[in-house]
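Below: one structure in structure tokens.
The values are calculated or read from the model by the stated rules, or taken from the named source; none is laboratory data. For clarity, every value in this text was computed on a predicted model and none was experimentally measured. With ideal geometry, Cβ positions are generated from the backbone for all residues, glycine too; neighbour counts draw on all protein chains shown.
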Amino acid sequence: MPWEDHSNFFAGNDLHRLSEKRTNKSLIQSLAKDASSRFILFNDLNPLMEVPADVDPKLIPTKSSGQLAYLKYEDIASLIDLDTNAQSQWVFLGLDETDQVAETGQGRANFAIELQTLDGPSSTTAASFISSLPPTSKFLSVRPHTFRLDARTAAIVGTARAVLEWNQKARFCPSCGRSTVSEESGWKRICRKEVEGEKVCVARKSTQSFTHPRTDNSIIVAIVSADGQRLLLGRKHRAPPKFFSCVAGFQEPGETLEECVRREAKEETGVDLGQIVYHSSQPWPFPSQLMLGFVANVRGSETVRPEEDEFAEARWFTKEEILTALDGAASGKSSFANPDPKSDLVLAPPWAVAHHIIKAWAHNEVVFTERSSEGSRI
Ligand SMILES: [Zn+2]
């Protein structure tokens, strides 16, 4: 089975990250300058893609309507400074071990660079570079245009976007407000050293002297009835009329994942949860979430009291309704834009973790080892 069938979109970046080598400047610089290495170029967090001349980039992309553009060091040497990481921010992504370089016998090195940084190339240099690109090379937003790509490439682009955006947003030290400098091949930033007479930054006196790229946990949970035959879904106020999805929310400080799942379910729908089963996770680089997907059963009352700010509507759906909607979403016959007129339910497409946690329950792949108590029915 192709892995796209059972993994979440933006997962599957299998580059060998060589994280222990990121401090080895001479190694990373020689990799960057190697003729076999390739660079993914971003402009304001939009990756450079190749789109055939007869494809309108504004249209909803399809798998065959474009591919990622790769550049060599000689193409972008004027835009970066490998010694100081001044000019464009660059990030070493890792070695692609599915793509061996004959001369070295190791995987091809992959890097990413962002043109729009505070210390980046002058607007004239950047504009001149962009204007030199062929007309089929376009900077397109990661969402939705990575859906043109195979899932593995999209995962690499997602990683690059997340780290580049974090570098943009972490330009100032969270402890003292001084500017920070990029270290470790783009994966850390450190508070710039204070000048004489200034108060020493607390970040330079402890193990917290670095800031790292963020990953913010959020949860999403498919809530199952006590009899195991129905699923509780909600529709957001701004969602299309038939589009329902799972309860979701951000994990807060001092909260375990399971506490977060219980809190969000209670707040958004009014139900208490029994057993919580972890399913899978999805990196979501907008800017830096990790969506953790769960399936849980209800404990006690099944009366739904949707939180007004969160959901316009929340209700139980039968397994039959869910299976029909899953088929529609997977086949593309029913989507947000074009719902199936014969169905009252549209579900998330297969690139969303929501689709996979709902599918796992509908296909009886989730096993609750603790029996949920029978609750009152609505
Ligand atoms: Zn500081």
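Would you be able to say whether some residue in segment 203-221 is hydrophobic (A, V, I, L, M, F, W, C), exposed (fewer than 14 other Cβ atoms within 10 Å of the Cβ) and either within 16 Å of the ligand (Cβ to nearest atom) or over 23 Å from the mean Cα position of the chain (by Cα) (or both)?
no
Kindly establish whether Ala265 is buried (at least 16 other Cβ atoms within 10 Å of the Cβ), modelled with pLDDT under 95 and under 27 Å from the mean Cα position of the chain (by Cα).
No.
I'm trying to understand the selection: among the residues of segment 178-199, which are over 19 Å from Gly94 (Cα atoms) and touching a residue at least 12 places away in the same chain (Cβ under 8 Å)?
Arg178, Ser179, Thr180, Val181, Ile190, Cys191, Arg192, Glu194, Lys199
Could you check segment 297-341 and list, in sequence order, the residues that are within 21 Å of Arg238 (Cβ to Cβ) and of a type in the set (A, V, I, L, M, F, W, C)?
Selection gives Val304, Phe311, Ala312, Ala314, Phe317, Ala325, Ala329, Phe336, Ala337.
Please determine, by comparing only the residues of segment 163-180 that are in a loop (DSSP other than H, G, I, E, B) and among the charged types (D, E, K, R), which one is nearest to the ligand (Cβ to nearest atom). Quick ask: steps written out before the conclusion?
Going residue by residue through segment 163-180, those that are in a loop (DSSP other than H, G, I, E, B) are 170-171, 173-178.
Okay, now just the ones that are also among the charged types (D, E, K, R), so 171, 178.
Numbers: Arg171: 12, Arg178: 5 Å.
Only one residue fits best here, namely Arg178.
Could I ask something else about it? Kindly establish whether Glu183 is touching a Lys or Arg at 6+ places or on another chain (Cβ under 7 Å), within 16 Å of the ligand (Cβ to nearest atom), under 29 Å from Lys169 (Cβ atoms) and among the charged types (D, E, K, R).
In short, yes.
Determine the pairs where a residue that is free of Cβ contacts under 8 Å to residues at least 60 places away in the same chain, located within segment 157-177, has a partner that is assigned to a helix (DSSP H, G or I) and within 16 Å of the ligand (Cβ to nearest atom) with Cβ atoms under 7 Å apart, the partner being 6 or more residues away or on another chain.
Cys173/Ala203; Ser175/Val202; Ser175/Ala203; Cys176/Ala203
Yes or no: Val200 β-branched (Val, Ile, Thr) and in a loop (DSSP other than H, G, I, E, B)?
Yes; evaluated as a whole, the condition is true for this residue.
Hey, could you check segment 110-145 for residues that are part of a helix (DSSP H, G or I) and touching a residue at least 24 places away in the same chain (Cβ under 8 Å) and say which is surrounded by the fewest Cβ atoms within 10 Å (Cβ to Cβ)?
Going through the qualifying residues, I end up with Pro144.
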